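Working notes, structure below.
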Amino acid sequence: MSEVLLQLQDVTGGYGEADILHNVSMEVAAGEVVVIVGPNGAGKSTAMKSVFGLLNVRGGKIIFDGKDLTGLRPDQVVQQGICFVPQTDNVFPSLSVHENLEMGAYLRDDDISGSLDRVYELFPPLKEKRRQAAGTLSGGQRQMVAMGRALMLDPKLLLLDEPTAGLSPLYMDQIFAIVRQINAQGVAILMVEQNAKQALGIADRAYVLVDGENRHDGTGHELLHDPEVAEMFLGGGKSGKNDGSEAEGAGA
């Protein structure tokens, strides 16, 4: 495996006084796509948000590129090379597509034209609609804007929270293809995803969380073909219906 880029070491924490994560550990190596799956309320999104400084970490450590990020604010995390694309409210609706992308480069003081060109190459529909207000776009196109804006900072690690939630099958396939393209350009990806089968299909490695704790881990291929994982989270049993997105503010 490549050099480890991100490590969650026995992370415990949550929102307010309630702990949702309990000694959760996971790793993302440079150049990897790592997926977190599990039932509703398992702590999938919470684990990702812990990396971005969006909750109280009361135990354990978060190490990125050799530096301890535990307790840092989101703006400080961004400066280390991590960008986060939330599931909802992830664009400035009144701003144009182009203005949204420019907002993504707010920390840069150099020429951003090359980054804009790369984003428009990655998301051709956005170039055609670059003067259109982001709030008027389809759900799939808004997701492209959100991902493109995050890429304007040339992150080392991209955090994606349920990127295909609520999208049509056509846009879902496009987003998964774009995730592969972004990763091929050298960006490591940590992704929470409701469409577990497709997500595991593109994952180098994956983690299954249950009740805020580690339950399974392995390569995407291994977990796709693990009978217990298939029974519980991939539609084979009573919990199969629960691999959808976690509700914001409900212990996700």
(request) Considering every residue within region 184-197, establish whether at least one is buried (at least 18 other Cβ atoms within 10 Å of the Cβ), of a type outside the set (A, V, I, L, M, F, W, C) and at pLDDT 95 or above. (result) no
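A quick yes/no check of all residues on (1) of a type in the set (Lys, Arg); (2) under 17 Å from the mean Cα position of the chain (by Cα); (3) more than 28 Å from residue 141 (Cβ to Cβ):
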site	(1), (2), (3)
3	no, no, yes
8	no, yes, yes
18	no, no, yes
33	no, yes, no
56	no, no, yes
60	no, no, yes
69	no, no, yes
81	no, yes, no
(message) Take residues that are free of Cβ contacts under 8 Å to residues at least 12 places away in the same chain and over 13 Å from the mean Cα position of the chain (by Cα) and tell me which of the helices (runs of 4 or more DSSP H) falling wholly in region 111-186 contain 1 or more.
(response) 113-122, 124-128, 169-184
(request) Only residues that are at pLDDT below 95 and of a type in the set (D, E, K, R): list them for region 89-116, please. (result) 89, 108, 109, 110, 111
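The values are calculated or read from the model by the stated rules, or taken from the named source; none is laboratory data. Since this is a predicted model, take the numbers as computed values, not measurements. Note that we place each Cβ from the backbone using ideal geometry, even for glycine, and neighbour counts take in every protein chain shown.
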